[in-house]
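Below is one structure, written out as structure tokens; the observations come after it.
Throughout, read-outs are computed from the coordinates displayed, never taken from laboratory work. None of the values given here were measured: they were computed from a predicted structure. Virtual Cβ from ideal backbone geometry, glycine too; neighbours counted across all protein chains shown.
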Amino acid sequence: MTKETLKIRGGNILARAFKEKGVEHVFTLAGGFCNPALEGFMECQMSVINTPHEQIAGHLADGHSRITRKPTVCLVGPEGFANAVPAMLEAGGERSPVIFVTGSSTLKRQGAGGFKEIDDVAIAAPLVKYSIQITDGERISEFVDRAWTAATSGYPGPVHISLPVDIMFSSFEEDAGRSERPYKRHAKKPALAWPDPTRLAKVIDLLKQAKRPVIIGGHGVWWSESEKKLAKVARDLRIPVFNVPYHSKLLGEEEEAYMGLADFHQYHPSKPAIHESDLVLMVGGRLDNQMNFGNAPFFMETTTLICINGSHEELEFNLAADETLLSDPGAFFDAISGVGIQWTDWFDLNKQRRETWVTDWETHIAEETKKDANSKMHPLQLALDVNAKMGSEDWLVFDGGNTHFWSEIAVNMAGWRGQKLAGIMHPGSFSLLGVGVSFALSAKAAASDKKVVLISGDGAFLSGGLSIETAFQENLPITVVIDNNGGLDCISQQQERLFANGKHFATDFRDIPFHTMFEGLGGHGEVVNTREELGPAMDRAMASGKPACVNVKCRGVISPIVAATSDKRDKASIE
């Protein structure tokens with residue numbers, strides 16, 4: 001008598017496939033369509049974090065991937081898929097390898113108006129690298145393998161799998177789909193692109209001829225884990241390094257070679273550096289809107305622009321470059337490390353410009369703060385004071401419009417004075433509000449014994465603050481500092497320069513007691529009206545051991561990026 005073959009549900013096969021890949025965390029809002037998968041994750045003893053909203057689940061998965069540089073899973077139902085779409089957008093902008101899984105409407109009645117039927121595959125397709133519906137339960141493991149490969153190969157990025165509910169609940173043999181290669185489907189290291197010797201030699205020759213080279217680092221450096229090599233090359237060759245805006249910092253602000261963002265408005269010294277450079281090595285980045293698509297007045301016609309990317313997909317965005325090189329960023333840094341030249345005078349000039357920039361801002365903010373010690377705080381002073389409360393192993397997150405811009409200036413200033421942080425997180429290239437709490441929770445989950453502080457604009461917190469419930473549920477005590485200026489200040493300031501009457505419209509909030517929301521949920525909350533109250537309030541919040549809110553009444557101050565790019569009645573946005 002033969003032993004009966006064990007059969008399991010499709011959702012369980014899905015869970016086992018992710019377990020085999022080494023997935024550590026799954027983020028979800030539990031729904032009936034997803035129950036077989038949740039049962040599978042439970043049996044596989046995988047960590048599942050339930051959230052109050054699918055967008056939050058997506059942002060948590062994104063944040064976890066950014067920190068660990070490993071794929072994570074966001075599991076949602078059909079209607080929840082629509083809520084997760086903004087998280088797909090945000091993850092795509094940062095090349096974050098999140099695997100979004102939809103428990104979708106029944107395959108058997110597809111196209112006939114099934115319960116909660118939407119074309120999730122088509123909706124996701126423009127936002128992710130790979131979007132597929134599984135139509136055969138025997139191929140669940142295969143398509144997990146395909147999605148994983150797409151998410152981690154070339155330039156990484158989010159992917160989407162749709163698993164119909166009838167396949168999710170149906171039973172299959174335990175080894176379904178394992179009769180063909182690959183028999184083992186564990187996670188493999190993605191293949192890396194090594195530079196063509198002839199093209200590499202040409203780039204190195206151009207570098208050797210340069211008098212004023214600059215490196216602009218982008219996403220590819222982070223995802224290839226090459227930031228330490230970047231730091232060493234920059235220090236050894238004395239080449240100034242700039243970071244593309246809206247991306248995780250490749251080098252700490254305290255790093256000698258790091259100058260700031262390649263953004264003329266948020267970091268003014270980047271303008272003369274890039275305009276005076278005769279060679280720009282853009283590594284792991286795209287010539288997109290932030291780089292003015294490779295054109296003047298960002299890059300001058302006299303500058304040789306070379307783009308180095310680890311994938312053909314990335315190079316396709318860089319057709320405007322004078323030269324391109326297909327190469328893993330780490331391999332490229334290894335190759336140029338021995339050119340035997342130092343650009344010390346040029347390097348020191350950019351360091352001096354950074355020091356002058358910091359000193360000028362310190363003088364300005366001291367004068368602003370001294371005007372009236374009892375007035376509402378300046379947002380830059382708020383960000384500087386928060387930085388001062390943090391140590392070298394702590395995480396800082398910021399979220400918002402002007403709040404984001406002022407915080408960028410503050411961390412550069414603090415870094416020049418030696419302030420070290422374990423990491424910084426913020427919205428990506430789409431500048432999506434409401435990600436701050438989720439990213440702070442991701443950082444706290446990764447560094448549970450360290451401080452994690454979020455500086456959030458009031459509008460940004462209203463966009464994504466519901467995710468704070470997860471902090472209580474998962475016992476992740478973060479400190480949220482609200483830059484409370486009573487409205488969508490970044491937008492209202494643009495309106496004042498755009499509208500003929502010089503007023504703003506539909507951008508004001510009531511006086512929202514954010515701190516009492518935390519108290520009501522069982523956390524710690526305080527309101528701060530003056531600067532002298534902030535330090536003690538932060539000490540109490542961080543010592544409380546609870547999710548905490550310090551609600552700081554700030555004055556609305558236009559940031560340099562908004563001031564520089566919103567001429568009255570001529571420009572409607574910051575583009």
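At-a-glance table
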{"read-out": "Compactness of the chain - radius of gyration and Dmax, Cα, Å", "value": "24.8, 91"}
{"read-out": "Cβ charges +1 (Lys, Arg) and -1 (Asp, Glu), total dipole of the chain, debye", "value": "580 debye"}
{"read-out": "Given LYS19/LYS70; LYS70/LYS451; LYS21/LYS249; LYS232/LYS444; LYS249/LYS389; LYS19/LYS189, the pairs whose alpha carbons are separated by over 18 Å", "value": "LYS70/LYS451; LYS21/LYS249; LYS232/LYS444; LYS249/LYS389"}
{"read-out": "For the chain, with +1 on Lys and Arg beta carbons and -1 on Asp and Glu, the positive-most of HIS364, GLN55, VAL23 along the dipole", "value": "VAL23"}
{"read-out": "Nearest-0.05 FRET efficiency for LYS70 and ASP175, computed from C-beta distance (R0 35 Å)", "value": "0.85"}
{"read-out": "At 1.002 mPa s and 20 °C, Stokes diffusion of the stretch 155-234 via Kirkwood alpha-carbon radius, µm² per second", "value": "118 µm²/s"}
{"read-out": "Segments 100-108, 16-24, 263-271 sorted - mean Cβ within 10 Å per residue, highest first", "value": "100-108, 263-271, 16-24"}
{"read-out": "Net charge contributed by nearby residues that have their C-beta within less than 15 Å of VAL128 (K/R +1, D/E -1)", "value": "-3"}
{"read-out": "Per-residue [θ]222 nm for the chain (sum of -39500 (n - 2.57) over DSSP H runs n ≥ 4, rounded to 500)", "value": "-12000 deg cm²/dmol"}
{"read-out": "Sites PHE499 and GLU355, calculated FRET efficiency, Cβ-Cβ separation with R0 41 Å, nearest 0.05", "value": "0.55"}
{"read-out": "Reachable lysines from LYS503, criterion Cα separation under 21 angstrom, eight or more residues apart if same chain", "value": "LYS568, LYS571"}
{"read-out": "Calculated FRET efficiency for the pair ALA447/GLN209, C-beta based, R₀ 45 Å, to 0.05", "value": "0.50"}
{"read-out": "Rounded to whole Hz, the Karplus (6.51, -1.76, 1.60) HN-Hα couplings of the stretch 32-45, x for glycine and proline", "value": "x, 5, 9, 4, x, 5, 5, 4, x, 5, 5, 5, 7, 6"}
{"read-out": "Cα gyration tensor, the stretch 12-59 - rounded (a/c under 1.5), prolate or oblate", "value": "oblate"}
{"read-out": "Per-selection metrics, the stretch 70-187 (Cα): Rg and Dmax in Å", "value": "14.2, 39"}
{"read-out": "Cβ crowding within 10 Å averaged over residues, with 542-550, 324-332 ranked highest first", "value": "324-332, 542-550"}
{"read-out": "Environment charge of SER337, counting only residues whose C-beta is closer than 15 Å and scoring Lys/Arg +1, Asp/Glu -1", "value": "+2"}
{"read-out": "Karplus-derived 3J(HN,Hα), 6.51/-1.76/1.60, for each residue of the stretch 257-273, Hz, glycine and proline x", "value": "7, 7, 9, x, 6, 7, 8, 5, 8, 7, 9, 4, x, 5, 5, x, 4"}
{"read-out": "Viscosity 0.890 mPa s, 25 °C: Kirkwood-radius Stokes-Einstein D of the stretch 336-417 over Cα pairs, µm²/s", "value": "165 µm²/s"}
{"read-out": "For the stretch 197-350, the spread of Cα positions along each principal axis, largest first, Å", "value": "36, 33, 30"}
{"read-out": "Neighbour net charge for LYS184 - beta-carbon separation under 14 angstrom, K R +1, D E -1", "value": "+2"}
{"read-out": "Rounded to 5, the percent of DSSP beta bridges in the chain classed as antiparallel", "value": "5 percent"}
{"read-out": "Protection proxy ranking of 491-499, 200-208 - average other beta-carbon atoms within 10 Å, highest first", "value": "491-499, 200-208"}
{"read-out": "Rounded to whole Hz, the Karplus (6.51, -1.76, 1.60) HN-Hα couplings of the stretch 428-444, x for glycine and proline", "value": "x, 5, 8, 6, 7, 6, x, 8, x, 4, 4, 5, 5, 5, 4, 5, 5"}
{"read-out": "Backbone N under 13 Å from the LEU462 label point (7 Å along Cα→Cβ), restricted to the stretch 481-522", "value": "484-492, 505-514"}
